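Take a look at the structure below.
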Amino acid sequence: MLFSLCQWIQNTGFSIAVREGALLYPIIGGIHILAIALFGGMLLAADVRLLGWGLMRRSVSDVVQQLRVWKYAGGVVVIVTGLLLAWAEPEKLYHSKAFWIKIALLVAVGIHAAVFRSKVYRNTAQLDQALTLRAKLAGFLSLLLWGGIILSGRLIAFD
């Protein structure tokens, strides 16, 4: 059933236009990569601060709050462009092991957010006093998960 849906999507006019157009796919792909750089850079800076590995002259609250808007903006563009790229070649993605690994890691990121949101990401004022083991674990897992998502996304091209 899922593969039938992928076949239907693949044969829509929009999917064909994105996939076979001379410029649309590379433009969307380029915007996707730039948005990953924005989102990933903001995420990296926040996680490095949570781990206590850098930006130590700035409070956790300051770093997280100042980067939040840029991180969300980059994340929205990554999601929209990623969906457009997926719409262009759903049959290929259906058969891609790297794609399914990426999906599993995205689910894990959702679980990570649910577990750490209230005690870490929404409680940065307390972390200004002292970084907790929970905050460091959140930062470490975030780096690991997002790094895996970026790597698996890149490996889709080789499946």
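For the stretch 64-111, a residue qualifies if it is free of Cβ contacts under 8 Å to residues at least 60 places away in the same chain, surrounded by fewer than 19 Cβ atoms within 10 Å (Cβ to Cβ) and either outside any helix (DSSP H, G or I) or of a type in the set (S, T, N, Q) (or both), and the qualifying residues are 65, 66. Listed by first and then second residue, the pairs with beta-carbon distance under 9 Å, at least 6 apart or on different chains, first residue in the stretch 137-150 and free of Cβ contacts under 8 Å to residues at least 60 places away in the same chain and within 12 Å of residue 39 (Cβ to Cβ), second in a helix (DSSP H, G or I) and basic (Lys, Arg), are 149/102. There is no residue in the stretch 115-129 that is in a loop (DSSP other than H, G, I, E, B) and under 30 Å from residue 18 (Cα atoms). Taking into account only those residues within the stretch 121-141 that are within 13 Å of residue 52 (Cβ to Cβ) and buried (at least 19 other Cβ atoms within 10 Å of the Cβ), which is farthest from the chain's Cα centre (by Cα)? Checked the stretch 121-141; the qualifying residue farthest from the chain's Cα centre (by Cα) is 127. State whether one or more residues within the stretch 112-119 are at pLDDT 95 or above, within 30 Å of residue 1 (Cβ to Cβ) and either touching an Asp or Glu at 6+ places or on another chain (Cβ under 9 Å) or buried (at least 16 other Cβ atoms within 10 Å of the Cβ) (or both). For the stretch 112-119, residues at pLDDT 95 or above, within 30 Å of residue 1 (Cβ to Cβ) and either touching an Asp or Glu at 6+ places or on another chain (Cβ under 9 Å) or buried (at least 16 other Cβ atoms within 10 Å of the Cβ) (or both): present.
Here the condition is being surrounded by fewer than 19 Cβ atoms within 10 Å (Cβ to Cβ), of a type outside the set (Lys, Arg) and touching a residue at least 12 places away in the same chain (Cβ under 8 Å); of 159, 47, it holds for 159 alone.
The values are calculated or read from the model by the stated rules, or taken from the named source; none is laboratory data. This is a predicted model, so every value here is computed, not measured. All Cβ positions, glycine included, derive from the backbone under ideal geometry; neighbour counts span all protein chains shown.
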